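The structure appears below as structure tokens.
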Amino acid sequence: LAGVTLELGGKSPVIVDASADVDAAAERIVWGKFLNAGQTCIAPDHVWVHASKEEALLAGMKSALERFYGKTEEARRATPDFCRMVDDGAFKRVSRLLDESVAGGARVVAGGGVHAETRYIAPTVLADVTPESAVMDEEIFGPLLPVLRFESLDEVVTQVRAGGKPLAMYVFSHEEATVERLLKETSAGGTVVNNVVLHNVNPHLPFGGVGQSGLGAYHGEAGFKAFSHERAVVRQGRTAFTNLFFPPYRGKAQRLARLASKLFE
């Protein structure tokens, strides 16, 4: 049998609470989401934002998109800093998610343009998204960023847990109690607080999924251990006490066995 690790992706959530630095969050989320047009396994898939911060976050994301890729749709389509979908199948799948989500009530805050001949899908931010929206049915793996609002952290915990165990989870908060609760009550392959994707570039951290998002871990020492075997070796000295536990188990031997069982409970 050979050692193995598996990455199976998933819908990696971002949670932005009421205490977060919204400007920093918007900029970092846009950067991490639209790397390679969202075609990375650890891309933020969707954002849960506290209702009190929703409009500020949406405005910050739109501003960040304009700074990164151009102020107009034409400029963003022409920039060499934003790539295309990898093939026709990927283009059609993500375009379908966009069309069905907008038809279902999602609002395009930025982007929304597509061009089939070049497999271009604009970096797009969607608001008024609900868990029932088409874009929430599967891992996006493309340049669509749905934003969902929440009032209570209970709602977020319930939704994250219902969506399976993601490969990554990103938390923007300056409330330590919030961070600790999310770490305790959810499960993910990796988590970054107040940034995105950085856990993947640190060679000292194990990287991998859990549950639906994969198994095993690699990078640095974790990778060496994953594909190696730690061989257990015991060397017995001249004196051993194992003979005290040889059968028959009566009298003194029986008492020693009972004592040993209590010691190792």
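At a glance:
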quantity	calculated
Qualifying trypsin sites (Lys or Arg not before Pro) in the range 212-262, DSSP loop, other Cβ atoms within 10 Å at most 16	Arg231, Arg235, Arg238, Arg250
Helical contribution to [θ] at 222 nm, DSSP H n ≥ 4, -39,500 (n - 2.57), averaged over the chain, rounded to 500	-10500 deg cm²/dmol
Taking the range 178-265 and dividing mean pair separation by its residue count, relative contact order in percent (alpha carbons under 8 Å, at least six apart)	14
Span from the the range 214-265 Cα centroid across to the the range 33-49 one, whole angstrom	46
Gained length - Gln236 relative to Lys262, 0.36 nm times residue gap less alpha-carbon distance	6.9 nm
Efficiency of FRET between Phe68 and Glu155 - r from beta-carbon atoms, R0 30 angstrom, step 0.05	0.45
Dipole moment magnitude, nearest 20 debye, the chain about Cα centre, only Lys, Arg, Asp, Glu C-beta charged	1940
Virtual spin-label span in nm between Phe245 and Arg107, 7 Å along Cα→Cβ	6.9
Cross-link reach list, lysines versus Lys252, counting only Cα pairs under 27 Å and skipping chain neighbours closer than eight places	Lys262
Between helix 22-34 and the chain: long-axis angle, C-alpha atoms, 0 to 90°, nearest 10	90
Computed lengthening from His229 to Ala51, 0.36 nm per intervening residue step minus Cα-Cα distance	59.1 nm
Cα long-axis angle, helix 176-185 against the chain (0 to 90 degrees, to the nearest 10)	70
Helix 88-103 axis, angle to the chain major axis (alpha carbon atoms, nearest 10°)	70
Whole-number percent relative contact order across the range 8-223, with pairs defined as alpha carbons under 8 Å at least 6 apart	26
Greater than 24 Å apart at Cα, pairs in Lys11/Lys184; Lys92/Lys165; Lys11/Lys92; Lys11/Lys62	Lys92/Lys165
Neighbour-limited loop hits for GluC sites (Glu not before Pro), the range 122-178 (at most 11 other Cβ within 10 Å; DSSP other than H, G, I, E, B)	Glu132, Glu151
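Only the coordinates and a few stated rules stand behind these numbers; no lab work does. None of the values given here were measured: they were computed from a predicted structure. Virtual Cβ from ideal backbone geometry, glycine too; neighbours counted across all protein chains shown.
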